[in-house]
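Asks: Have a look at the structure that comes next, please.
The values are calculated or read from the model by the stated rules, or taken from the named source; none is laboratory data. Quick caveat: nothing in here was measured; it's all calculated off a predicted structure. Reconstructed Cβ throughout: ideal geometry from the backbone, glycine too, with neighbour counts over all protein chains shown. Side chains included, ligands, DNA and RNA excluded: accessible areas come from the protein's heavy atoms. Shrake-Rupley method; radii C 1.70, N 1.55, O 1.52, S 1.80 Å.
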Amino acid sequence: QVQLVESGGGLVQAGGSLRLSCAGSGDTFSTYTMGWFRQAPGKEREFVAAISWAGGSTYYPDSVKGRFTISRDNAKNTVYLQMNSLKPEDTAVYYCAARRWVSTVGSEYDYWGQGTQVTVSS
């Protein structure tokens, strides 16, 4: 079992940057695919990024490709989401999640953090 805690959210102006962190517990963290998802008020949860257990493969939707970068440090049991060139439409609660195999589908993830709010002002 994995417990996840996100941090790093906040208020930023459009065009700015934020780096989210997700700290995982347990000695099996390095065996999990990690994903980031987001949910804005009144909208469905949206896939943002995923990274394979060793970090060799990353996945992004077109909406964030080239602006967001997912990375992980298995020695620290932490996954990161670097967000650059932020837009007001990136405003949402951001969640990290874990599962054994790579997926971009939120319902396939087994473990979730509590979320961190990101607000981008115009």
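Asks: Once you have the Cα-Cα distance between SER30 and GLN3, take 0.36 nm times their residue separation minus that, and quote the gain in nm to one decimal.
Replies: Numbers: separation 27, 0.36 × 27 = 9.72 nm, distance 1.30 nm.
Computed gain between SER30 and GLN3 is 8.4 nm.
Asks: Using a cut-off of 18 Å between alpha-carbon atoms, which lysines can reach LYS65, once sequence neighbours fewer than 8 places away in the same chain are excluded?
Replies: Output for LYS65: LYS87.
Asks: Remind me, relative contact order of the chain in percent, using alpha carbon pairs under 8 angstrom and six or more residues apart? Kindly include the intermediate steps, with their values, before the conclusion.
Replies: Numbers: 310 pairs, mean separation 43.9, N = 122.
Relative contact order comes out at 36 percent.
Asks: Identify the trypsin sites (Lys or Arg not before Pro) of segment 16-120 meeting these criteria: DSSP loop state and at most 16 other C-beta atoms within 10 Å of the C-beta.
Replies: Details: sites: ARG19, ARG38, LYS43, ARG45, LYS65, ARG67, ARG72, LYS76, ARG99, ARG100; in loops: LYS43, ARG45, LYS65, ARG67, ARG100.
In loop regions of segment 16-120 (DSSP not H, G, I, E or B), the sparsely surrounded trypsin sites (Lys or Arg not before Pro) are LYS43, ARG45, LYS65, ARG67, ARG100.
Asks: So, one more: In debye, nearest 20, what is the charge dipole magnitude of the chain about its Cα centre with +1 on Lys and Arg Cβ and -1 on Asp and Glu Cβ, if you could check?
Replies: On the way: 11 positive and 10 negative charges, 34 e Å.
The calculated dipole for the chain is roughly 160 debye.
Asks: Starting from the Cα of SER71, move 7 Å in the Cα-to-Cβ direction to define the label point; list residues of segment 78-122 whose amide nitrogen is under 18 Å from there.
Replies: The answer is 78-86, whose backbone nitrogens lie closer than 18 Å to the label point.
Asks: Short version: ³J(HN,Hα) in whole Hz for each residue of segment 109-114, in order, from phi by Karplus 6.51 cos²θ - 1.76 cosθ + 1.60 (θ = phi - 60°), x for Gly and Pro, what are they?
Replies: 8, 9, 10, 9, x, 8
Asks: Accessible area per residue of the chain at 1.4 Å probe, in Å²?
Replies: Ligands and nucleic acids excluded, the figure is 50 Å² per residue.
Asks: Considering only DSSP beta bridges where both residues belong to the chain, give the percentage that are antiparallel (nearest 5).
Replies: Details: 35 of 39 bridges.
Percentage antiparallel, nearest 5: 90.
Asks: I've got another one for you. Based on the alpha-carbon gyration tensor of segment 73-122 and its eigenvalue square roots a ≥ b ≥ c, which shape applies: rounded if a/c is under 1.5, prolate if not and a/b is larger than b/c, or oblate?
Replies: Prolate, since a/c reaches 1.5 and a/b exceeds b/c.
Asks: Would you work out what percent of the accessible area of the chain, with all protein chains in place, is carbon or sulfur (probe 1.4 Å)? Before the final figure, lay out each step's value.
Replies: Details: 2890 of 6120 Å².
Of all accessible area on the chain, carbon and sulfur atoms account for 47 percent.
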